[in-house]
Amino acid sequence: MSKRITTRWYIGAWVVYILAAITFFMMSRSAQGDGSLPPGVWLAYLVLMISAVVMLVTWIGALVRLAQQRAWGWLIGVLVLHLIGLGIIGMVAYAISGPEDADTVVIRPSTPV
């Protein structure tokens, strides 16, 4: 995956995750004391899980791309920041100043006719 795709999807999924978490907690706190939760709580929970999966997939895609580019410093930085709970900081830093995608172009020499 390209840098542009991974960082945009990761940051977008992070924002959706935060909004869904706020919605989830607000709705579950306002639920009645009878033990049943409103359907909106389950929908917010589903959105939380889907956005978490999107963040995981794009984070792994970014790590694979960094390994392919042999950008070991960036790879370690993004990996460690994510593992200590600061993944959004690592991905924003990668989006702003990380190594650009370098497409490898192979030109086949022409054969004499």
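Figures for the structure shown
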quantity: Cα coordinate range in the stretch 49-113, projected on the principal axes (Å, largest first); calculated: 60, 27, 17
quantity: Local net charge near Ile96, Cβ-Cβ under 14 Å (Lys/Arg +1, Asp/Glu -1); calculated: +2
quantity: Volume per residue of the C-alpha convex hull in the chain, rounded to whole Å³; calculated: 124
quantity: Rel. contact order, % - alpha carbon contacts under 8 angstrom, at least six apart, the chain; calculated: 34
quantity: Gain on full stretching of the segment that runs from Ile18 to Ala93 - 0.36 nm per residue minus C-alpha separation; calculated: 25.1 nm
quantity: Whole-Hz ³J(HN,Hα) from phi, Karplus 6.51 cos²θ - 1.76 cosθ + 1.60, for the stretch 47-64, glycine and proline x; calculated: 5, 4, 5, 5, 5, 5, 5, 4, 4, 5, 5, 6, 5, 5, x, 5, 5, 5
quantity: Helix axis angle, 87-97 relative to the chain longest principal axis, alpha carbon, degrees; calculated: 40
quantity: Arg108/Gln69 FRET efficiency (R0 30 Å; Cβ-Cβ; nearest 0.05); calculated: 0.80
quantity: Mean accessible surface per residue for the chain, computed with a 1.4 Å probe while every protein chain stays in place, in Å²; calculated: 70
quantity: Accessible surface of the chain, 1.4 Å probe, proportion on carbon and sulfur as whole %; calculated: 70
quantity: 222 nm mean residue ellipticity, helices alone, for the chain (DSSP H n ≥ 4; -39,500 (n - 2.57); rounded to 500); calculated: -24500 deg cm²/dmol
quantity: Exposure ranking of Leu46, Leu75 by accessible area [1.4 Å probe, largest first]; calculated: Leu46, Leu75
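The values are calculated or read from the model by the stated rules, or taken from the named source; none is laboratory data. Here the structure is a predicted model, which is why all the values come from computation and not from measurement. Using ideal geometry, Cβ is built from the backbone for each residue, glycine included, and neighbour counts are taken over all protein chains shown. We work out accessible area using only protein heavy atoms, side chains counted, and drop any ligands, DNA or RNA first. Shrake-Rupley method; radii C 1.70, N 1.55, O 1.52, S 1.80 Å.
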